[in-house]
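Worksheet: the structure to be examined is printed underneath.
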Amino acid sequence: MTLNESQSGGDPTPHFTAPVIQDNPTGWGPCELPEQYKDMPYQPFSKGDRLGKISDWTGAAFQDKKYANKYASQFGSGSQYAYYHEEDESTFHLVDTTRVQKPPYQRGRFRANQRNMRGGRGGRNNVQSGGMQSLGKGLKARDSYKKSQVRKWGQGRPQIKIRDASVTVKPDWSTIEEMDFPRLGKLSLPNIKEGEDVVCCGELEYYDKTYDRVNVKNEKPLQSVNRIFHTVTTTDDPVIRKLSKTEGNVYATDAILATIMCCTRSNYSWDIVIEKIGDKLFFDKRDNTEFDLLTVNETSVEPPQDDGNSLNSPRNLALEATFINHNFSQQVLKSGEKEPRYKFDEPNPFISEEEEGEVASVAYRYKKWDLGGGITLVARCEHDAVVQSPNGELQFLTIKALNEWDSKLANGVEWRQKLDIQRGAVLANELRNNACKLAKWTVQALLAGSDQIKFGYVSRAHVRDSSKHVILGTQQYKPAEFATQINLNMDNAWGILRCIIDIVMKQKDGKYLIMKDPNKPMIRLYDIPDNTFESDGESESDEDSPQDSTAFQGLYPYNTATKR
């Protein structure tokens, strides 16, 4: 008796129990996925795919070139199995993609000539001398190329220097929020209506239309106009202090708003202090800061590098640009006691009897905007001049100056050659190199409600002298049209501002600071102690000291009051 017979109770017939299988008539593999493999990524493959080897340590030495894709799936390589390096390599750039021309001795030409010309002794000698000659030329070419690359990358394109923050972050400051520019660029607050005038004060001179006829062949020297410019911050503005009791709950100046609204275009570091008192927010600039200086080539591919006291260091260029703007905005006006002026109902609130000197032509509009959600913004905006339009209407102007310092160092176009015949190319270059500054000017003109924004093109009289300048031309735009041309989206600008307002409104009462990271495209919001920066605060007598009221006078001969 067999084993099967004894186990089956004497039945000699063998038994076989077939396993349960899942039939998949339309494909290959199981129909139902087991629970333990439910969330695992699956690489599809067909019956014809070769599975290949588990591991191959031979590298490319024994690679089957005839069937290079023998083990490749017909569905392509799945990205879920791709290898990604953990370190961020986005900061690495290929420096030079130019193919280096090989010298003859590396191209095989010398050996080929040697094979083809073995006919006689003279030929052999000629080939050898020719080969050595080629070899010498090749070595010279290679050495020359290396030297040119060293000059090109060592001098012409210096490494971008790590920038310093506009303010030192103290250990007791806590970070509330980090907002990167891509995220801020997606914000939007549409349908914000034009601001409503609350108070208008100051007086304006008329624009001199003869400057519209200035060109490269008919240039005019830039004059030094000794006038006082007030750059008073929000909480020191007597009008805003008065309005804060009856109007709005968020307060700022047009310069502060423009800096926040255009923050995604900025590269240099800046900071703004926010004070929350109850349900009110006050946006301020710090004392003794360079907030009001104009940047130069900030958004250029190769921005100016800080060479200390160099003529073209970022700070000296900023001082020069500010000097040019202040003087240009006053020179192009019809000044004089007999010339007419446009006066608002209220006088300039920053003129004091103790102040000596003539005050610049400026008018202030205190306007309010309803941002929705119970947020009402009150801000001080500025006009620089008025002009009579051809149909007799009075138009308000914002006047700004673009300046040329060294077209070669700035990788720009020479204005004296291109401005009269290719003004569009000059402006396009300025839009590329000074995108942030131009966007801020446009926002300020839109907030103030200026009818025109007037640009002046001012260049150095001599490229190595930053104290003498000439006006080469002017150009004007309607602010809304210019905003469209530079891709300035005001819905996004209002969205960025509203985002910051909402974040601070949720915090407890106290002092906060927004700072643009000096080397990364992001802004940070810090909670800072209430007494921060007060140790740097001076008494009233210090605030009105000569060195403050004539800022920049050590470098350029004009007055700029910085009363705070």
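If you go through region 365-399 one residue at a time, how many are over 24 Å from THR474 (Cα atoms) and assigned to a strand (DSSP E or B)?
Of the residues in region 365-399, 14 are over 24 Å from THR474 (Cα atoms) and assigned to a strand (DSSP E or B).
Mind checking whether some residue in region 244-266 is aromatic (Phe, Trp, Tyr) and either more than 30 Å from VAL301 (Cα to Cα) or free of Cβ contacts under 8 Å to residues at least 12 places away in the same chain (or both)? Within region 244-266, one or more residues are aromatic (Phe, Trp, Tyr) and either more than 30 Å from VAL301 (Cα to Cα) or free of Cβ contacts under 8 Å to residues at least 12 places away in the same chain (or both).
Listed here are the residues, each with its yes/no results for (1) farther than 26 Å from PRO314 by Cα; (2) β-branched (Val, Ile, Thr); (3) touching a Leu at 6+ places or on another chain (Cβ under 9 Å).
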position: GLY248; (1), (2), (3): yes, no, yes
position: THR253; (1), (2), (3): no, yes, no
position: THR264; (1), (2), (3): no, yes, yes
position: TYR268; (1), (2), (3): no, no, no
position: ARG286; (1), (2), (3): no, no, yes
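Within region 455-465, identify whether any single residue is surrounded by fewer than 20 Cβ atoms within 10 Å (Cβ to Cβ), of a type in the set (Gly, Ala, Ser), touching a strand residue (DSSP E or B) at 6+ places or on another chain (Cβ under 7 Å) and in contact (Cβ under 8 Å) with a residue 40 or more places away in the chain, and answer yes or no. Yes: one or more hits. Would you check if ILE256 is over 27 Å from the mean Cα position of the chain (by Cα) and either surrounded by fewer than 16 Cβ atoms within 10 Å (Cβ to Cβ) or of a type outside the set (Gly, Ala, Ser) (or both)? Spelling it out, it is not the case that ILE256 is over 27 Å from the mean Cα position of the chain (by Cα) and either surrounded by fewer than 16 Cβ atoms within 10 Å (Cβ to Cβ) or of a type outside the set (Gly, Ala, Ser) (or both). Of note, ASN348 does not satisfy the criterion of being within 28 Å of the chain's Cα centre (by Cα) and either of a type outside the set (Gly, Ala, Ser) or part of a helix (DSSP H, G or I) (or both).
When LYS400 is tested against the conditions (1) within 16 Å of the chain's Cα centre (by Cα); (2) basic (Lys, Arg); (3) within 30 Å of LEU377 (Cβ to Cβ), the lone failure is (1).
Taking (1) surrounded by 20 or more Cβ atoms within 10 Å (Cβ to Cβ); (2) in contact with a Lys or Arg (Cβ under 8 Å, 6 or more places away or on another chain); (3) not hydroxyl-bearing (Ser, Thr, Tyr) in turn, ALA425 satisfies each apart from (1).
Every residue in region 311-363 that is within 23 Å of ILE240 (Cβ to Cβ), crowded, with 21+ Cβ neighbours inside 10 Å and among the β-branched types (Val, Ile, Thr), please. The one that is within 23 Å of ILE240 (Cβ to Cβ), crowded, with 21+ Cβ neighbours inside 10 Å and among the β-branched types (Val, Ile, Thr): VAL362. The set of residues from region 198-257 being part of a loop (DSSP other than H, G, I, E, B) and of a type in the set (Ser, Thr, Tyr) comprises SER224, THR231, THR233, THR234, THR235, SER244, THR246.
Within region 272-310, being on the phi > 0 side of the Ramachandran plot and either crowded, with 17+ Cβ neighbours inside 10 Å or touching a residue at least 12 places away in the same chain (Cβ under 8 Å) (or both) holds for GLY278, ASN288, ASN297. For SER269, the stated conditions do not hold, so it cannot be described as of a type in the set (Gly, Ala, Ser), in a loop (DSSP other than H, G, I, E, B) and without any contact (Cβ under 8 Å) to a residue 40 or more places away in the chain.
Values in this text are rule-based calculations from the coordinates and carry no lab data. Values in this document were obtained by computation on a predicted structure and should not be read as measured data. Counting neighbours? That spans all protein chains shown, and the Cβs are built from the backbone with ideal geometry, glycine included.
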